[in-house]
Amino acid sequence: MKKISCLLISLVTCAAAPYKVSAQEITAEPIFVMTADLARPPVLAGTKVIYAVTGGTLTGKIAGKVLPIGGDFATFSNSTTLKLDVRLVLQTEDSATIYCTYTGFLNADEEIYKLIKAGKGYQVDPSKYYFRTNPIFETSSPKYDWLNHTITVGFGTITAKGVSYKIYAIK
């Protein structure tokens, strides 16, 4: 009985104690800017818009290139939203290889999507659309191992040759 009383007192005391949570702020650190050149025109298959990646660059904390391996297998979820499904291979200036996958969304008006489906080179004012990604990286390089367990966010821009992303590590 004494044990039950002690347990009840402990539970009541814990329940009455104010719940404290340490405040965490989201901060982001720029990692690199990635440009990806895309083959034109894309392959259209039902609701899919498939772009082959033909190359690109990395500049910033990580510098290098986007290898001509991979593609974007995007799906129109409605007339104004494109859900991205991308797989890329990056190579740093010091020859490390990094596999990159990401999903995300490009939300724009139907006029922009007519250009996307036509595969024409164009540049659209970024304030006219919402374009965000969440890249995930895999590498066996000890120098870039930190990427294997880092959450990142990409802010996309449509370019004349394809797309460009500012990639940030969430701290």
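For the stretch 17-87, the set of chymotrypsin sites (Phe, Trp or Tyr not before Pro) satisfying both a DSSP loop assignment and a count of at most 14 other C-beta atoms within 10 Å is given as Y19. From the Kirkwood radius over Cα pairs of the stretch 26-170, Stokes-Einstein at 10 °C and 1.306 mPa s returns a whole-number translational diffusion coefficient of 103 µm²/s. Charge dipole of the stretch 26-170 (Cα centre as origin; +1 on each Lys and Arg Cβ, -1 on each Asp and Glu Cβ, all else neutral): 300 debye, rounded to the nearest 20. Remark on V124: its backbone amide H falls under 5 Å from those of I158, a criterion applied only to residues 5 or more positions apart or on other chains, H modelled at 1.01 Å from N.
Computed from the coordinates by the stated procedures, all read-outs in this text should not be read as laboratory data. If you're wondering where the values come from, they're calculated on a predicted model, not measured in any experiment. Quick reminder, even Gly has a Cβ in these numbers, built from the backbone with ideal geometry, and neighbours come from all protein chains shown.
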